[in-house]
Structure formats: C-alpha cells, structure tokens
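Student: Right, I'll just put the structure down here and ask away after.
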Amino acid sequence: MFVTEPSSKSISTDQELLVEYADSGDLEVLGTLYSRYLHLVYGVSLKYLKDREESQDVVMTIFEKLITDLKKHKVENFKSWLHVTTKNFCLMKLRSSTGHSEKSDSAIISQESMEFSVPVHHDDSTLEDDLILLENCIEELKEEQKLSVRLFFIEQKCYKDIVVQTGFKLKKVKSYIQNAKRNLKICVEKNREQV
C-alpha cells in the first residue's frame, strides 16, 4: 500500500511532498512520504507497545490519521513530527487499554513529559497544540542545541554517538542538551501564558 513505484516523487524532499499532498490530497504522494518512515513508526510503536502485531496495526492507523491531520496542521519537520505523533498515539493507546492501571499510566506519561519538563494534557486537541508549540520552540533553539536535542530525544542517540556525528566535545553535548531543556521549558511556558 505504501510502497510506490520509483518516480520523480521518490527524489522529492519531505517538504515538497507535504506541500504537494496539501495541494492535491493525492494519497500516492502521502504514501511515498510515509514509506520513508515506516520503520520509524514501527520501531517507536514496538518500543512502547512491546507487541509486533499491535505495532503493525499502529503503522496502518497512523497513516489513516495523517490523511486528515496533515490537512489541518502545517508541519515543518515531518520526521520529528511523525515520531512525536506516533509516541503520543502509543501512550494514549496504553492509557486506554483496560489492563493498564491508572498508576502505571501516570508513570508513563510523567516519564515522557519529564524529558522536556512540559506537562502532558489528556485532551487530544490540547496535546496536539502542546506538540506543535514544543516543535516551534525547538526551532527557536540555537543550532547546536537544536541538533543535540533532536539527536538525543527524537533519534534517541547516546552522548557518544552525538559526539561522533556532530564533532562536538562530550561536555558540550551534555551542556547543549541541558540548556536546550531549560530554554524549551521557558519558551513553552511563555507561549502558554500568551494564549
């Protein structure tokens, strides 16, 4: 369903495909874009749900969700937006599952929101607003902080891998991440007060 024949679309950037999909509503365009990140969606789902079959279902569900969500939201960085969308979908799925206790639900959501010290709301529309706000705040970070945060939290690289990939010294990487977390918290709180 998602794998398309090689065409000029396969060499388009994510942003070009997003614009083309927004303009045309062509599911083939969306499929081309989504097929680039199937492994990411499946991997994130498997990490949280610990079940291969359920994770495969999430891959299909997220695609269906994108059909409408991408028409409502302007997405700047598709990969990171998709990662966050998938993660939160899985957390909500865990939350709503009957065998999941209220206590462990709170623990999961608290643990996830503590990464950036941003409160996670249970209402879907507010949660989406928070994610968009967080993404906008990440874009405002200094380049070194932005890169370090994306690699650490979104791509889930360890400090050592970030050092190798960026050429930053280990002390600097830790400092960039720490400062980014503080700056993100300030940015999110400031923007929430303005709403």
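Student: Within segment 61-90, can you find the residues that are free of Cβ contacts under 8 Å to residues at least 40 places away in the same chain and more than 27 Å from Cys137 (Cβ to Cβ)?
Tutor: Those that are free of Cβ contacts under 8 Å to residues at least 40 places away in the same chain and more than 27 Å from Cys137 (Cβ to Cβ): Thr61, Glu64.
Student: So, in segment 147-157, how many residues would count as being under 14 Å from the mean Cα position of the chain (by Cα), of a type outside the set (Phe, Trp, Tyr) and in a helix (DSSP H, G or I)?
Tutor: As a first pass, look at segment 147-157 and keep what is under 14 Å from the mean Cα position of the chain (by Cα): 149-156.
Checking which are of a type outside the set (Phe, Trp, Tyr) leaves us with 149-151, 154-156.
Going one step further and asking which of them are in a helix (DSSP H, G or I), we end up with 149-151, 154.
Final tally of qualifying residues: 4.
Student: Select from segment 1-26 the residues that are at pLDDT 85 or above and of a type in the set (Asp, Glu) and list them in ascending order. I'd like the intermediate steps shown before the answer.
Tutor: Kept after step one, since they are at pLDDT 85 or above, are these residues of segment 1-26: 12-26.
The answer is Asp14, Glu16, Glu20, Asp23, Asp26.
Student: Tally up the residues in segment 27-51 that are surrounded by fewer than 14 Cβ atoms within 10 Å (Cβ to Cβ) and closer than 13 Å to Cys90 by Cα, please.
Tutor: The total comes to 3.
The values are calculated or read from the model by the stated rules, or taken from the named source; none is laboratory data. Predicted model only: the values in this text are computed from it and were never measured. Glycine also receives a Cβ, built like all others from the backbone with ideal geometry; neighbour counts cover every protein chain displayed.
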